[in-house]
1. Suppose R0 equals 22 Å; then what is the FRET efficiency for Asn312 and Leu263 from their Cβ-Cβ distance, rounded to the nearest 0.05?
2. Give the residues of the range 51-83 whose amide nitrogen is closer than 19 Å to a point set 7 Å from the Cα of Lys39 in the direction of its Cβ.
3. When every alpha-carbon pair in the range 134-323 is counted, what percent end up more than 19 Å apart?
4. Taking the simple approach of a point 7 Å from Cα along Cα-to-Cβ for both Asp246 and Arg277, what is their distance in nm?
5. Starting from the Cα-Cα distance between Arg133 and Thr52, subtract it from 0.36 nm times their residue separation and give me the gain in nm to one decimal.
6. Between Arg186 and Arg253, what is 0.36 nm times their sequence separation minus the Cα-Cα distance? Round to one decimal in nm.
7. Using only C-alpha atoms and all pairs of different ones, pull out the Kirkwood radius for the range 237-295 in Å with one decimal.
8. As a check on your grasp of the helix formula, calculate [θ] at 222 nm for the chain: sum -39500 (n - 2.57) over DSSP H runs of n ≥ 4, divide by the residue count, round to the nearest 500.
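Nothing in this text is a laboratory measurement; each read-out follows from the coordinates by a stated rule. Since we're looking at a predicted model, the values are computed, not measured. With ideal geometry, Cβ positions are generated from the backbone for all residues, glycine too; neighbour counts draw on all protein chains shown.
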Amino acid sequence: MYKEGDVAQALLRLGLTHMEQRRDELPGWCPMHLERTGKEDFNPSWSINVETGVHHCFSCGYKGTLLTLVAEVLDLKTEWGRLDFDAAKNWLRASIEVDLDVLIKHVEEMRQSYVSLPKPVEMSEARLAVFDRPPDWALAARRLTATACDIFGVRWNAKQNSWITPIRSANTHKLMGWQEKGQGSRLFRNRPTGVQKSKTLFGLDAWMGETMIVVESPLDAVYLQSLRVGSGVSTFGASVSSEQIDIMRQADRLILAFDNPKLDTAGEKISVDMFNRLRSLGMECLFFAYGDSGKKDIGDMSLEEVEYGVENAKHFVFGMGAVYA
């Protein structure tokens, strides 16, 4: 089904380490071992077939196809909380050259046969203790300060050269999991798989009250703290749930600073969607003013540009023009 090298390429893009191929199998460390057992896989116990994409862990029992693997590792979900096989299919199409008809067949099979994973193990602060403080070179690359990272509890995975941003309960601030993002790589995943990040906002435990600046990326919220410009929180991506909107009601002044709608399609979609949803709910908000900066998001901007965007944020009473300020 898959051509030579396709499965290995997909694993590389997913940030999954595997060993030398043995016949038709690629052995490696189980990507869901921690979520299912509470322990990392050190054997390795998992393997995936290079022709069919079928995989299985002989230790914890995790199994499925390459399509389910993509959906679970990237934590691709529909609004109903089920795995989004269409999104997984699109990711595979963009990552490897694969037969579209075969993928469509797999999508239909998975929709009919998929069984949810067992409930993730209990999270504790000890889970973050295995990670390090971000190194100076990584801080410089993202223009973040060590103090800001400490305030938000941001950690560093030295094995993957990736950022670890905690996901905490909106009410108790108890650790629910974390989001991992590679520095200079495409690595991106949520741990544990299925963590309900849509029910909270990153940085809520560090929010100072009054004005709330909402961004898409957790590290952009950390960047705001590094600049000492306002108090930022993040939605963990380009979508906003009803629960997250309810949390935003706590703010006396709400500034939405999603990716520049004039340059980013996803940023435009979420900004327009929020304009309509908040207006229908009777919630006031302002939109961050990107002006003529030509920058895609806050993380690319200078201190002066960010200060301009906050100070000139447009109230939604100005209509759709506020979105494109």
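1. E between Asn312 and Leu263, to the nearest 0.05, is 0.80.
2. It comes to 57-63, nothing else.
3. Roughly 56 percent, once rounded to a whole number.
4. 1.3
5. So the extension gain works out to 25.1 nm.
6. Answer, rounded to one decimal: 20.7 nm.
7. 12.0
8. Details: 13 runs with 112 residues, N = 325.
Helix contribution divided over all residues of the chain: -9500 deg cm²/dmol.
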